[in-house]
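Working notes, beginning with the structure itself.
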Amino acid sequence: MDKKKGYLGLIGGGQLGKMFCLSASELGFKTIVLDPQKNSPASFVATKFICADYNDKKALDKIIAKSTAISIEFENIPIETANYINKKVCFYPPPKALQICQNRILEKNFLKNNNILTADFIEINKEQDLKNITNFSYPAILKTAMFGYDGKGQKVCQNSKDVRRFFVNFNTQPCILEKKINLVKEISQVVAINKKGGKSFFPIAENIHINGILSTSKSPANITNKIADEVVAVTDKIIRLLKYQGILAIEFFINKEQELLVNEMAPRTHNSGHFSMDACLYSQFYQQVAIMANLPFGNTQLQHRVVMKNILGDEYENGKLDIQNILQKPNHILHLYGKKNPLPSRKMGHVNIIEPLK
Ligand code: ADP
Ligand code: MG
């Protein structure tokens, strides 16, 4: 590693950034994190923290000067920032892949054009596109193309009237209208890809969302071998098409016909991969460090049966979260992110509950 630099750089300082810094530190690496928020979770554990906007050139030059490689924990950074960094230092993921993953219109078209199954959708870029919605099949979900997360920026529509109303509520920003699927199951795959094209798959997780927010992830997922093979095949195809390097998470739906549909892709570590912190020898955060520091991938085989439960702000604030109780359980491992303000749907931490594999 270049001695003058020597830091692992990260854009974004949320909980994913915090857990990345802790993993890097376990391996003796120094970290430098850039985030616009002063007291972001990673700011307390990063070796160096830069509080600046994602497009602040001076700040970007600073992190570039210190870093051997730079990655992200948040996908909604300006694409110009990704391109700027990528010209000067190893950057994960490739900016082009980031651009596709951060915009649902680009993402869904990318999947469709490559014959990867998704929920049926149409683009609504402007008011004139609303003429296409009458014959769409309802119920459907209107989703803003950009900046949606944890179910935010989406509304269920029973008819075209709803679509018009919500499109206006979203300030007529570009959206996709997508068929609401009768979900039998949601699953996800986290995978790590290094510079040499080496790949490391995590065990597939089975996910339950409540109000659009991930509530629990369990692994192993209760799915057929056929579906598991399909997940790997689709993931491989996406990696190849995007020339992907870095950590990639893919969320899937399984519908009543037992078809596998891609829901969305995240170009970073993922909430549904947090089980790996306690149920695998090496976590998704370790693999991110490994990619950036040119280390071999760690073993990701499942060592325990595991359920990851998210702790949201409402549970945290109402005192419903019995920390004493969790800590006394022999198989519960608690992770808290150190966020000050427990807003109702804010992710405050998670618990991994492990059981013997068999
Ligand atoms: P976010 O970026 O907020 O995670 P998603 O598109 O993944 O957005 O939607 C969040 C959750 O909402 C999904 O995990 C799923 O439970 C539900 N959902 C989203 N789209 C659909 C759909 N087309 N049909 C059925 N449920 C959906
Ligand atoms: Mg999602």
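The values are calculated or read from the model by the stated rules, or taken from the named source; none is laboratory data. All values derive from a computational prediction rather than experimental measurement. Positions of Cβ are backbone-derived with ideal geometry, glycine not excepted, and every protein chain shown enters the neighbour counts. These accessible areas exclude ligands, DNA and RNA; they are computed on the full protein's heavy atoms, side chains included. Shrake-Rupley method; radii C 1.70, N 1.55, O 1.52, S 1.80 Å.
Tabulated values for the structure
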quantity	calculated
Count of residues meeting criterion [open to solvent by 30 Å² or more (accessible area, probe 1.4 Å) and in a strand (DSSP E or B)] in segment 188-205	2
Members of segment 33-52 found to be over 25 Å from residue 281 (Cα atoms) and touching a Ser or Thr at 6+ places or on another chain (Cβ under 9 Å), listed by number	33, 35, 37, 48, 49, 51
Matching residues in segment 126-137 - criterion: being open to solvent by 60 Å² or more (accessible area, probe 1.4 Å) and touching a residue at least 40 places away in the same chain (Cβ under 8 Å)	126, 127
Residue in segment 124-147 that is within 16 Å of ligand 2 (Cβ to nearest atom), more than 12 Å from residue 176 (Cβ to Cβ) and among the aliphatic types (A, V, I, L, M) present	no
Residues located in segment 211-237, provided they are closer than 20 Å to residue 116 by Cβ, open to solvent by less than 20 Å² (accessible area, probe 1.4 Å) and away from ligand 1 (no atom under 16 Å from the Cβ)	227, 235
Any hit, segment 283-290, residues being assigned to a helix (DSSP H, G or I) and open to solvent by 10 Å² or more (accessible area, probe 1.4 Å)	yes
Among the residues listed as 76, 103, 55, the single one being within 16 Å of ligand 2 (Cβ to nearest atom) and under 29 Å from residue 294 (Cα atoms)	76
Evaluation of residue 162 against (1) open to solvent by less than 50 Å² (accessible area, probe 1.4 Å); (2) acidic (Asp, Glu); (3) near ligand 1 (Cβ under 10 Å from one of its atoms) (one fails), failing number	(3)
Selection count where residues are at pLDDT below 95 and either more than 16 Å from the chain's Cα centre (by Cα) or over 18 Å from residue 271 (Cα atoms) (or both), scope segment 211-243	1
Within segment 264-282, tally of residues that are part of a loop (DSSP other than H, G, I, E, B) and within 16 Å of ligand 2 (Cβ to nearest atom)	5
Which listed residue, of 111, 98, 106, is touching a helix residue (DSSP H, G or I) at 6+ places or on another chain (Cβ under 6 Å), modelled with pLDDT of 95 or more and open to solvent by less than 20 Å² (accessible area, probe 1.4 Å)	98
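Results for (1) within 17 Å of residue 293 (Cβ to Cβ); (2) at pLDDT below 95; (3) open to solvent by less than 20 Å² (accessible area, probe 1.4 Å); (4) among the hydroxyl-bearing types (Ser, Thr, Tyr), shown as yes or no for each residue.
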{"site": "2", "(1), (2), (3), (4)": "yes, yes, no, no"}
{"site": "19", "(1), (2), (3), (4)": "yes, no, yes, no"}
{"site": "34", "(1), (2), (3), (4)": "no, no, yes, no"}
{"site": "42", "(1), (2), (3), (4)": "no, no, yes, no"}
{"site": "60", "(1), (2), (3), (4)": "no, no, yes, no"}
{"site": "65", "(1), (2), (3), (4)": "no, no, no, no"}
{"site": "83", "(1), (2), (3), (4)": "no, no, no, no"}
{"site": "91", "(1), (2), (3), (4)": "yes, no, yes, no"}
